[in-house]
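Here the structure comes first, spelled out in structure tokens, and everything after it is commentary.
The values are calculated or read from the model by the stated rules, or taken from the named source; none is laboratory data. The structure displayed is predicted, hence computed values, not measured ones. Here the Cβ positions follow ideal geometry from the backbone for every residue, glycine too, while neighbour counts run over all protein chains shown.
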Amino acid sequence: MLVCIVYDSGYGHTQKQAEAIAEGVHKIPGVDAQLIAVANDEIDWDILAGSDAIIFGSPTYNGTISARLKKFMEDSTRTAWIPQAWRNKIAAGFTNSGAMHGDKLNSLITMALFAAQHGMIWVGLDLFPGKNSGELNRVGGWLGAMAQSNDESPELSPIQSDLETARHLGQRVAEITQQFVSKG
């Protein structure tokens, strides 16, 4: 089984989330994760078509996803949307911004709507919001994993609990994908 993690990262903070999601995916035996950075501009559409799940990730800039992830979405029209190559695949999303709120929900809604247009099955976060900075889901997202990063090096931010939330999402997607694949 393969879970692809398609993401953009402007400064490295969202990449840390993507890597944590991959670690969560790898917790499930028999499931592999493939990181695909859209900044490389060389998307292997065949790997995405052959995957069992796709998790989308982007920093939240000005209340929405990055321009590079939006370009990826637009580029998918001919290769994936028209032939419905991702129909019935599991999908999920994650985002990061400098502000605690930062309108991250809008980014996740954008990703979920994109997945719905492709006929994908969206997986949200199943964690009650944490109230303290050391708890999982401290930002309080349900639609996907949200993180907050200070204006500092990616080595320092996002904090460990946000990365653990991302790992949880990766593991959850792998488990749900396994359920769907084994019944298909």
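On the basis of being touching a Gly at 6+ places or on another chain (Cβ under 7 Å) and at negative phi, does residue 54 make the cut? No, not satisfied.
Here 133, 107, 157 are screened, and the one residue that is crowded, with 22+ Cβ neighbours inside 10 Å, in contact with a Ser or Thr (Cβ under 7 Å, 6 or more places away or on another chain) and either at pLDDT 95 or above or more than 20 Å from residue 27 (Cα to Cα) (or both) is 107.
Scanning the stretch 53-76 for residues that are in contact with a Lys or Arg (Cβ under 9 Å, 6 or more places away or on another chain) and either part of a strand (DSSP E or B) or under 23 Å from residue 2 (Cα atoms) (or both) yields a count of 4.
Please tell me if residue 64 is of a type in the set (S, T, N, Q), surrounded by fewer than 23 Cβ atoms within 10 Å (Cβ to Cβ) and closer than 22 Å to residue 113 by Cα. The answer is yes for residue 64.
Quick one: what pairs do we get from the stretch 144-162, first residue hydrophobic (A, V, I, L, M, F, W, C), second assigned to a loop (DSSP other than H, G, I, E, B) and surrounded by fewer than 21 Cβ atoms within 10 Å (Cβ to Cβ), C-beta under 7 Å, 6+ apart or different chains? That search, which allows pairs on different chains as well, returns 159/133. Of everything in the stretch 136-154 that is of a type in the set (Gly, Ala, Ser), part of a loop (DSSP other than H, G, I, E, B) and in contact with a strand residue (DSSP E or B) (Cβ under 6 Å, 6 or more places away or on another chain), the residue that is surrounded by the fewest Cβ atoms within 10 Å (Cβ to Cβ) is 149.
Scanning the stretch 24-42 for residues that are buried (at least 20 other Cβ atoms within 10 Å of the Cβ) and either in a helix (DSSP H, G or I) or modelled with pLDDT under 95 (or both) yields 24, 25, 38. When 75, 52 are screened for being touching a residue at least 60 places away in the same chain (Cβ under 8 Å), surrounded by 14 or more Cβ atoms within 10 Å (Cβ to Cβ) and not aliphatic (A, V, I, L, M), only 52 passes.
For the stretch 1-19, the candidate set comprises residues that are touching a Gly at 6+ places or on another chain (Cβ under 7 Å) and either without any contact (Cβ under 8 Å) to a residue 24 or more places away in the chain or part of a helix (DSSP H, G or I) (or both); within that set, the residue that is farthest from residue 170 (Cα to Cα) is 14. Please indicate, with yes or no, whether at least one residue in the stretch 43-52 is more than 18 Å from residue 172 (Cα to Cα), of a type in the set (Val, Ile, Thr) and in a helix (DSSP H, G or I). Yes, some residue in the stretch 43-52 is more than 18 Å from residue 172 (Cα to Cα), of a type in the set (Val, Ile, Thr) and in a helix (DSSP H, G or I).
Residues in the stretch 160-184 that are at pLDDT 95 or above and of a type in the set (A, V, I, L, M, F, W, C): 163, 166, 169, 173, 174, 176. Only one entry in 157, 97, 133, 161 is within 17 Å of residue 8 (Cβ to Cβ) and of a type in the set (S, T, N, Q), namely 97. Scanning the stretch 86-96 for residues that are more than 14 Å from residue 140 (Cα to Cα) and surrounded by 18 or more Cβ atoms within 10 Å (Cβ to Cβ) turns up 86, 89, 90, 91, 92, 93.
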